[in-house]
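Where a number appears in this text, it was derived from the coordinates with a stated rule and is not lab data. All figures in this text were calculated on a predicted structure; none of them were measured in a lab. Backbone-built Cβ (ideal geometry, glycine too); neighbour counts: all protein chains shown.
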Amino acid sequence: MTWVLILLPLALFLLGVPVFALLLAAAGVTVVFFLPMPPIALHQVLFGGIDKYALLAVPFFVFAGELMGRGGIADRLVDWVLSLTGRLPGSLGIATVGTSTLMGAVSGSSPATVAAVGRSLYPSLSERGYAKGFSLGLITSSGSIAIVVPPSIAMILYGASAEQSIPRLFQAGLLPGLLIALAMASYILVWAKGRDLGDRGRFGLAQVIQASRRAWAALLMPVVVLAGIYLGWFSPTEAGGVACLYALLLARLLYRSLTWRQVLESAGEAALLTAQILIIVAAAGVFSWILTVQGVPQALVQGIIGLELSAPLFLFLVNLLLLGIGCLLDPTSAILVLTPLLLPLVLHLGIDPIHFGIIMTVNLSIGMFTPPFGLNLFVAQSTLSPDLAAIYRGILPFLAIQLICLAAITYLPAISLVLS
Amino acid sequence: MSAVLRHLERLAQGFLGLVLIAMVLLNVGNAAGRYLFGRAVPGADDILLYSMVWLVFLGLILVTARRRHLRLDLVERLWPGRGRALQRLLIDLLLALLCGYLALQSLAVVQRLGAIGQTSIATGLPMAWVHAGLLIGLALTALVAALQAAQTLWTLLRGKVPA
């Protein structure tokens, strides 16, 4: 039966079959041909896969991200970050990282961040003399920070799959996200010294005040959402609803950047994105159920126990596995398929499941811009430049920086756990 | 014909957008009611959950119609033109078969739930209606995939490469 659960999904995946369909096909073939149970169980497990309150946060945060992207809120954040970094060498590059981090704290979506920040900053980066490859690599890789800083859709899915506290995961993601942002900004600072880039302005308090006045309401949004969760005013799911309403009021009433028709279009697009994600959640639930019924996680745990791996070696191997998978599979699918398999091993080796959730998220966020198939690469290609080779070259230094950060996050659990 | 279908798609997407906006209002209203009036909206959590189930399975139809599923697109990058058309045909046939089979299982569940008259404890909604979201979503997805397969096959048989 191994071929049905491993080789069949793998072959269908390589053939380009949608992820939800290959998971359901493997589960369906197993139930129909190998298991003595009625096939209507497939319906029950499929329904149970998304009948979870925590998952309601997904459509809400996706909708909030759509409203923020279309409502011109990214432009205000860019101006605000630029007003702060204006006197540093490479200020525009550092502003790109800063804005991506802020957008992540608002939308939780990496591709949306690449598209929104890229559209705002790529023309300016080119005008000021930043090399094409460098600019593309910078925008593509800094977008990945969005799924590490809270709120993060990837963490919501991990929390629902691993039955871990989503607020704790959000807290744990804050320092790793800032660490990655700081490391990238430091690299840009060193890289820009001695280069003749025309982006170095003067730091002026008046400029900061003016940009802050334009952006204060947008800057307040992550504060409201995250403070609301941590102070116990509302659950992460309700926070998603609050984020939507806040973004709607901002874009419709305060900035007047969206018409009601555009709001409805954003909601329709968010509904489609939700279906895209949650149908995989439902299908992964069925696949995980089959794996559990077949005793695969238990067999895997026994096999790894037999190898007598230490926790650090296990984490090293898991990082390699996740980086490899992250290049091929989107974080949603990867988290939902791998969490039920890896979590028993994590618990057996005494690794904190919250820390592991952060390791998994950072790995998969790196996968989002790792050649050849990281999703952000294609978002950058479709929104910024068709030159995929330049994007590939440009991401290499940022890939190296994020891998160093990943090593620190993996082997220094305090970075993740000190706030959670 | 294709203009009518596109119009229908836009209407369906607009409807799903309205459902999502209603969900946001109910979600925030529920939290606000707790603080302002000391009580939540009765059955709000159940209504939100069931709306999400319907949203996902109705959305599945549109995602399939627009070929926007998350997947690896290696084959079509390496093998464009006729190769990509054959791949699409295979995927559409698989989706039609798989979703059609699952829709039959859903039909059996909905019939059983209808026969025993099971209702949601919090809202009193018949559970057959709730589960019917899967039946309708899967059945229409199977239909859309089958139509797409037929269209691709027809184009290939005429010696053309589908767009």
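Restricting the range A:240-347 to GluC sites (Glu not before Pro) that sit in a DSSP loop and have at most 13 other Cβ atoms within 10 Å of their own Cβ leaves A:GLU308.
Can you tell which of B:GLY100, B:GLY33, B:GLY59 shows the greatest fluctuation in a Gaussian network model of chain B with Cα springs below 10 Å? Taking springs between Cα atoms under 10 Å, the residue moving most is B:GLY33. Secondary-structure-derived ellipticity at 222 nm for chain B, considering helices only, amounts to -28000 deg cm²/dmol, per-run term -39500 (n - 2.57) for DSSP H runs with n ≥ 4. GNM on chain A, alpha-carbon springs under 10 angstrom: the most fluctuating residue among A:GLY49, A:GLY65, A:GLY16 is A:GLY16.
Work out the length of the dipole vector of the range B:60-163 about its Cα centre, built from +1 on the beta-carbon of each Lys and Arg and -1 on the beta-carbon of each Asp and Glu, and round it to the nearest 20 debye.
Numbers: 11 positive and 3 negative charges, 92 e Å.
Magnitude of the dipole: close to 440 debye.
Sequentially through the range B:59-71, phi angles give Karplus couplings (6.51, -1.76, 1.60; θ = phi - 60°) of x, 4, 5, 5, 4, 5, 4, 9, 6, 10, 5, 6, 6 Hz, Gly and Pro residues having no value and appearing as x.
Taking the beta-carbon count within 10 Å as an exposure proxy, list B:GLU76, A:GLU238 from fewest neighbours to most. Intermediate results must be reported in sequence, preceding the final value.
Details: B:GLU76 16, A:GLU238 21.
Neighbour counts put them in this order, fewest first: B:GLU76, A:GLU238.
Taking every alpha-carbon pair in the range A:367-407 and binning the separations at 5 Å intervals from zero gives 6, 25, 32, 22, 11, 5, 1 percent. Over 10 Å intervals from 0, what percent of Cα-Cα pairs in the protein assembly as shown sits in each interval? Histogramming the protein assembly as shown at 10 Å steps yields 3, 17, 27, 28, 18, 6, 1, 0 percent.
How high is the FRET efficiency from A:SER126 to A:LYS193, r the C-beta distance, R0 25 Å, rounded to 0.05? Before the final figure, lay out each step's value.
On the way: r = 21 Å, r/R0 = 0.82.
Computed FRET efficiency for A:SER126 and A:LYS193: 0.75.
Database remark: amide H of B:THR119 closer than 5 angstrom to the amide H of B:MET127 (H placed geometrically; neighbours at sequence offset of 5 or more, or on other chains; Pro and chain starts carry no H). The Stokes-Einstein estimate for the range A:71-167, based on a Kirkwood radius over Cα pairs and taken at 37 °C with 0.692 mPa s viscosity, is a diffusion coefficient of 238 µm²/s.
For peptide A:41-49, what's the mean number of Cβ atoms from other chains within 10 Å of each residue's Cβ? Write out the running numbers ahead of the final one.
Working: counts 2, 5, 13, 5, 0, 8, 9, 0, 2.
Average per residue, whole number: 5.
For the range A:341-395, the spread of Cα coordinates along the three principal axes comes to 46, 17, 16 Å, biggest extent given first.
What's the longest piece of chain A with no exposed trypsin sites (Lys or Arg not before Pro), counting a site as exposed if DSSP puts it in a loop and it has at most 12 other beta carbons within 10 Å? The reported range is A:257-420.
Tell me the trypsin sites (Lys or Arg not before Pro) within the range B:97-163 that lie in a loop according to DSSP and have at most 12 other beta-carbon atoms within 10 Å.
Working: sites: B:ARG112, B:ARG158, B:LYS160; in loops: B:ARG158, B:LYS160.
Qualifying residues, ordered by number: B:ARG158, B:LYS160.
Taking the number of Cβ atoms within 10 Å of each Cβ as an exposure proxy, the fewest-first ranking of A:GLU127, B:GLU9 is A:GLU127, B:GLU9.
Looking at the range A:181-337, what % of the alpha carbon pairs are farther apart than 27 Å? Please list the in-between numbers first.
On the way: 7211 of 12246 pairs.
Looking at the range A:181-337, the distances longer than 27 Å represent 59 percent of pairs.
One-quarter of the Cα convex hull surface for the range A:244-295, in nm²? Numbers along the way, then the final one.
On the way: hull surface 17.6 nm².
The directionally averaged projection comes out at 4.4 nm².
In plain terms, the bigger the Kirkwood radius, the slower the diffusion; for the range A:212-276, with that radius from Cα pairs, at 4 °C and 1.567 mPa s, Stokes-Einstein puts D at 100 µm²/s. Classify the range A:105-216 from the C-alpha gyration tensor, please: rounded if a/c falls under 1.5, else prolate or oblate depending on whether a/b exceeds b/c. Prolate, since a/c reaches 1.5 and a/b exceeds b/c. Given in Å, the Rg to one decimal and the Dmax to the nearest whole number for the Cα atoms of the range A:159-239 are 18.3, 51. Shape descriptor for the range B:17-144: Rg over Rh equals 1.13 (Cα atoms; Rh from the Kirkwood inverse mean 1/r).
Relative to its residue count, the range A:1-149 spans a Cα convex hull of 147 Å³ per residue.
Note that the range A:161-177 has calculated 3J(HN,Hα) couplings of 6, 9, 6, 10, 5, 5, x, 5, 5, 4, 4, 5, x, 5, 5, x, x Hz, one per residue in order, obtained from phi through the Karplus relation 6.51 cos²θ - 1.76 cosθ + 1.60 (θ = phi - 60°); glycine and proline are x.
Counting every other Cβ atom within 10 Å of each residue's Cβ, A:CYS405, A:CYS327, B:CYS99, A:CYS244 order from fewest to most as A:CYS327, A:CYS405, B:CYS99, A:CYS244.
Computed from the alpha carbon positions, the gyration tensor of the range A:1-84 leads to an equivalent ellipsoid with semi-axes of 42, 18, 9 Å, biggest first. The string of couplings for the range A:178-187 from the Karplus curve (6.51, -1.76, 1.60, θ = phi - 60°) is 5, 4, 5, 4, 5, 5, 5, 5, 5, 4 Hz, one whole number per residue in order, with x for Gly and Pro. A DSSP coil position with no more than 15 other Cβ atoms inside 10 Å describes the following chymotrypsin sites (Phe, Trp or Tyr not before Pro) in the range A:21-106: A:PHE34. Take each residue of peptide B:42-55, count the partner chain Cβ atoms within 10 Å of its Cβ, and average: the result is 3. Here the mean projected area of the convex hull built on the C-alpha positions of the range B:1-84 is 8.0 nm². Evaluated at q = 0.14, 0.22 Å⁻¹, the base-10 log of the normalised Debye intensity for the range A:268-318, with identical point scatterers placed on the Cα atoms, takes the values -0.60, -0.82.
Averaged across A:63-72, how many Cβ atoms of other chains sit within 10 Å of each residue's Cβ atom? Let's see the in-between values first.
On the way: counts 5, 1, 0, 1, 0, 0, 0, 0, 0, 0.
For this peptide, the per-residue mean of nearby foreign Cβ atoms is 1.
Pairwise Cα distances in the range A:256-414 exceed 27 Å for 38 percent of all pairs.
Once you compute Rg and the Kirkwood Rh from C-alpha atoms, what is the Rg to Rh ratio for the range A:114-164? Spell out each step's value before the answer.
Numbers: Rg = 15.2 Å, Rh = 12.6 Å.
Radius of gyration relative to Kirkwood radius: 1.21.
Considering only B:LEU95, B:LEU48, B:LEU70, give the residue with the highest GNM mean-square fluctuation for chain B, with springs between Cα atoms whenever their separation is below 10 Å. Per the Cα network of chain B with a 10 Å cutoff, B:LEU70 tops the list. Between the C-alpha center of the range B:74-132 and that of the range B:142-161 there is a gap of 20 Å. Between B:ASP73 and A:THR383, the FRET efficiency estimated from the beta carbon spacing at R0 = 25 angstrom works out to 0.90.
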